[in-house]
Amino acid sequence: MASIQLGPLVTSIRGKFGGGIFQGGRTGFQLRILKTPPKNKSTLQSGARQRYSTLCFTWRTLAQVDRDAWNTAASITTWYNADGDPYNPSGFNLYMATNLSLTATGSTALTTPQAPALLPALGITSVTSNSGANTITLVFTNTPLPANTLLVCQASPPGSLGRTYKSARMAIIRTFSSGTTSPQALTSFYSSRFGEWRQIGNVIQFQFWLVNRSTGQVGLPVSIISTIS
């Protein structure tokens, strides 16, 4: 995806061009590669699409007073596009972003926006992947996890050093709830999702973030690459 900064002479650009498509919105204009989605859908893809469809339907059935509340909350919410430019999301976008983060972790979607809460900084000390002991161990500093706080763990398949995976190839393998203490074993959750992983020298990419269960707020993610030893 390429971001486009328009000047005073050209103020808008949309449509298909050379295998790509120009799209515009609150975040600015982008040129995206026009792709045909694969017909075979994984269980994770189907689940994500189902959550998205359900939330879209629920938004349409909300009382007008609830939609107005989301629009008001969105007007005082600042997001940033890929170029670092600030913008205000729509009420619909804020509703979807908030509730997608909640429902992805098994929490209940919010009907009305909640007042923002202060999320603590996430401290991930290490993720140790030990082939001989058949263990993957997470150590974090937010122990025990505060009330109303979830710790979400996302991981990639094992791969060679220097290889990176896009977020689409990564999957949430475990969500830890309030009161969870460090350290925590990730072995069974990782193996259940990705199977055999114990090739020494390979790496696993992990990403962690906190979610406030009351407000749906998502903290800044922390990324770690764990080398299998």
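Rule-based calculations on the coordinates, nothing more; no lab input. Keep in mind that what you see is a predicted model, and the values were worked out from it rather than measured. Positions of Cβ are generated from backbone atoms using ideal geometry, with glycine treated the same way; all protein chains shown enter the neighbour counts.
Spin-label model, residue 53/residue 223: points 7 Å from Cα along the beta carbon direction are separated by 3.2 nm.
Here r is the Cβ-Cβ distance between residue 108 and residue 134 and R0 is 35 Å; the resulting FRET efficiency, rounded to 0.05, is 0.45.
A simple rule links phi to the HN-Hα coupling: the Karplus curve 6.51 cos²θ - 1.76 cosθ + 1.60 with θ = phi - 60°, which for the stretch 187-194 gives 3, 5, 5, 5, 4, 5, 8, 10 Hz, with x for Gly and Pro.
Once R0 is set to 35 Å, what does the formula 1/(1 + (r/R0)^6) return for the Cβ-Cβ distance between residue 181 and residue 64, expressed as a FRET efficiency to the nearest 0.05? Walk me through the intermediate numbers first.
Values: r = 45 Å, r/R0 = 1.27.
Step by step, r from the Cβ atoms, then E = 0.20.
Ranked for footprinting exposure by Cβ neighbours inside 10 Å, fewest first, 190, 52, 80, 95 give 80, 52, 190, 95.
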